[in-house]
Ligand code: HEC
């Protein structure tokens, strides 16, 4: 039963993500990196984790091997789900690779992009 619910939930999230992806344009506004230095420790830590794990495929939140993230309107919990489970070419990240705290901070970092 629990398993079944998980599959339904996952299918729903993937469908939603495909929809949100369709909304997101490939190109978005460039990020003003400098201004993050003034923001809180979580965003800074998120930036560090992002540079370690995500930057190579999502350079500065723009499209690289992966699609642009800045313009993706999906809610943060869906993005965190994607980081844990991966999708297509995107690898999944275990708790050993990205801790719970770091995952949250990456989320904060992604959100911060939208504010600046
Ligand atoms: C090996 C390259 C690679 C790495 C590393 C990677 N991604 Fe991705 N990412 C992708 C690809 C490719 C997709 C598109 C997946 C698909 O739709 O099939 C994607 C999709 C996404 C999406 C969904 C957005 C969209 O428009 O499809 C999010 C959010 C995302 N990545 C965040 C991250 C974060 C955060 C990290 C670091 C923890 C990360 N990715 C690391 C390749 C990567």
Problem set entry | region 51-64, subset near the ligand (Cβ under 6 Å from one of its atoms) and surrounded by 16 or more Cβ atoms within 10 Å (Cβ to Cβ), residue farthest from residue 97 (Cα to Cα) | 58
For this session: Just give me the residues in region 65-75 being within 9 Å of the ligand (Cβ to nearest atom) and surrounded by 12 or more Cβ atoms within 10 Å (Cβ to Cβ), in sequence order.
Result: 66, 67, 68, 69, 71, 72, 74
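Select from region 76-90 the residues that are within 6 Å of the ligand (Cβ to nearest atom), surrounded by 12 or more Cβ atoms within 10 Å (Cβ to Cβ) and farther than 19 Å from residue 112 by Cα and list them in ascending order.
Once the filter is applied, which keeps residues that are within 6 Å of the ligand (Cβ to nearest atom), surrounded by 12 or more Cβ atoms within 10 Å (Cβ to Cβ) and farther than 19 Å from residue 112 by Cα, region 76-90 yields 87, 90.
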Exercise. Looking only at region 83-116, which residues are assigned to a helix (DSSP H, G or I) and over 24 Å from residue 40 (Cβ atoms)?
Worked result: 85
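Every read-out reported here was derived from the displayed coordinates using simple, explicitly stated rules and does not represent laboratory data. The model shown is predicted, which means the values in this text are computed figures rather than measured ones. Glycine also receives a Cβ, built like all others from the backbone with ideal geometry; neighbour counts cover every protein chain displayed.
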